[in-house]
Amino acid sequence: MLRTLLALGGLVLALVPELILSVYERYAISAPPEPTARSWVPSYIRAEGIIAIVLAALGGRLYRAGLWFVGAVGVVALAYPRQYLETAGALAYEDGDELEWAGWMPHFVRATGGAVLAVCLLRRQRH
């Protein structure tokens, strides 16, 4: 089930990265009104989707290694949500230092990090 969800999510990322970025910017960033994503960000989103599809399709060791990596990212997001957002903003946006995140975003990042970590740990126990 998890691999199916991973593949479906990856498919969405791979097919419509510009839409994903647009929706993210609309709800996650409160200022400036027109954030300027770096030119490589849509390609990165697409690559993330393709990697998710490949990991889901192949399974095995590669899939488990991907779970460990995602779980580690989840730990960082859970423990340091504001720093996670600041770093992501600085990397992905030309005006990253000027971004103001919506007030709910640090809570969302922390919750997502915790959920991802929990799923990875539960999934790991099955193998």
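The values are calculated or read from the model by the stated rules, or taken from the named source; none is laboratory data. For clarity, every value in this text was computed on a predicted model and none was experimentally measured. Cβ: placed from backbone, ideal geometry, glycine included. Neighbour counts: every protein chain shown. The area values use the complete protein model at the heavy-atom level, side chains included, leaving out ligands, DNA and RNA. Shrake-Rupley method; radii C 1.70, N 1.55, O 1.52, S 1.80 Å.
Please find, within the stretch 13-49, the residue that is farthest from residue 98 (Cα to Cα) out of those that are aliphatic (A, V, I, L, M) and surrounded by fewer than 14 Cβ atoms within 10 Å (Cβ to Cβ). Break it down into steps so the answer makes sense when it comes.
Taking the stretch 13-49 first, the residues aliphatic (A, V, I, L, M) are 13-16, 19-21, 23, 28-29, 31, 37, 41, 45, 47.
Subsequent filtering for residues that are surrounded by fewer than 14 Cβ atoms within 10 Å (Cβ to Cβ) retains 15, 19, 23, 31.
Numbers: 15: 29, 19: 23, 23: 19, 31: 8 Å.
Of everything passing the filter in the stretch 13-49, 15 is farthest from residue 98 (Cα to Cα).
Mind checking which residues of the stretch 53-85 are at pLDDT 95 or above and of a type in the set (D, E, K, R)?
Once the filter is applied, which keeps residues that are at pLDDT 95 or above and of a type in the set (D, E, K, R), the stretch 53-85 yields only 82.
Let me confirm something: among 62, 2, which residue is open to solvent by less than 100 Å² (accessible area, probe 1.4 Å), touching a residue at least 60 places away in the same chain (Cβ under 8 Å) and over 20 Å from residue 101 (Cβ atoms)?
Working: 62 fails: touching a residue at least 60 places away in the same chain (Cβ under 8 Å).
Among 62, 2, only 2 is open to solvent by less than 100 Å² (accessible area, probe 1.4 Å), touching a residue at least 60 places away in the same chain (Cβ under 8 Å) and over 20 Å from residue 101 (Cβ atoms).
Kindly indicate which of 67, 55 is of a type in the set (A, V, I, L, M) and in contact with a Gly (Cβ under 8 Å, 6 or more places away or on another chain).
Matching residue, one of 67, 55: 55.
How many residues, within the stretch 92-107, are open to solvent by 40 Å² or more (accessible area, probe 1.4 Å), free of Cβ contacts under 8 Å to residues at least 12 places away in the same chain and in a helix (DSSP H, G or I)? Lay out the reasoning, then the answer.
So in the stretch 92-107, the residues open to solvent by 40 Å² or more (accessible area, probe 1.4 Å) come out as 94, 97-98, 100-101, 103-104, 107.
Still in the running and free of Cβ contacts under 8 Å to residues at least 12 places away in the same chain: 97, 104.
So of that shortlist, the ones also in a helix (DSSP H, G or I) come out as 97.
The number of residues fulfilling the criteria is 1.
Taking residue 7, is it hydrophobic (A, V, I, L, M, F, W, C), open to solvent by less than 50 Å² (accessible area, probe 1.4 Å) and modelled with pLDDT of 95 or more? Explain how you work it out, then say what you get.
Numbers: hydrophobic (A, V, I, L, M, F, W, C): yes; open to solvent by less than 50 Å² (accessible area, probe 1.4 Å): yes; modelled with pLDDT of 95 or more: no.
Here the answer is no, as residue 7 does not meet what is asked.
Can you tell me which residue within the stretch 108-127, out of those that are surrounded by 13 or more Cβ atoms within 10 Å (Cβ to Cβ) and more than 14 Å from the chain's Cα centre (by Cα), is farthest from residue 55 (Cα to Cα)? Let's see the steps before the verdict.
Start the filter on the stretch 108-127 by keeping residues that are surrounded by 13 or more Cβ atoms within 10 Å (Cβ to Cβ), which leaves 108-120, 123.
Applying the additional criterion that residues be more than 14 Å from the chain's Cα centre (by Cα) yields 118-120, 123.
On the way: 118: 19, 119: 16, 120: 14, 123: 14 Å.
Filtering the stretch 108-127 for residues that are surrounded by 13 or more Cβ atoms within 10 Å (Cβ to Cβ) and more than 14 Å from the chain's Cα centre (by Cα), the one farthest from residue 55 (Cα to Cα) comes out as 118.
Can you tell me which residue in the stretch 17-47 is farthest from residue 89 (Cα to Cα), limited to those that are under 16 Å from the mean Cα position of the chain (by Cα) and among the acidic types (Asp, Glu)?
18
Restricting attention to the stretch 29-38, does a residue exist that is of a type in the set (A, V, I, L, M) and in a helix (DSSP H, G or I)? Write out each step before concluding.
Step one: list which residues in the stretch 29-38 are of a type in the set (A, V, I, L, M), which gives 29, 31, 37.
Narrowing the set further to residues that are in a helix (DSSP H, G or I) leaves none.
Within the stretch 29-38, not a single residue is of a type in the set (A, V, I, L, M) and in a helix (DSSP H, G or I).
Only one of 48, 98, 94 is in contact with a helix residue (DSSP H, G or I) (Cβ under 7 Å, 6 or more places away or on another chain) and of a type in the set (Asp, Glu). Can you tell me which? Please lay out each step first, then the result.
Numbers: 98 fails: in contact with a helix residue (DSSP H, G or I) (Cβ under 7 Å, 6 or more places away or on another chain); 94 fails: in contact with a helix residue (DSSP H, G or I) (Cβ under 7 Å, 6 or more places away or on another chain).
48 is the lone residue from the list that is in contact with a helix residue (DSSP H, G or I) (Cβ under 7 Å, 6 or more places away or on another chain) and of a type in the set (Asp, Glu).
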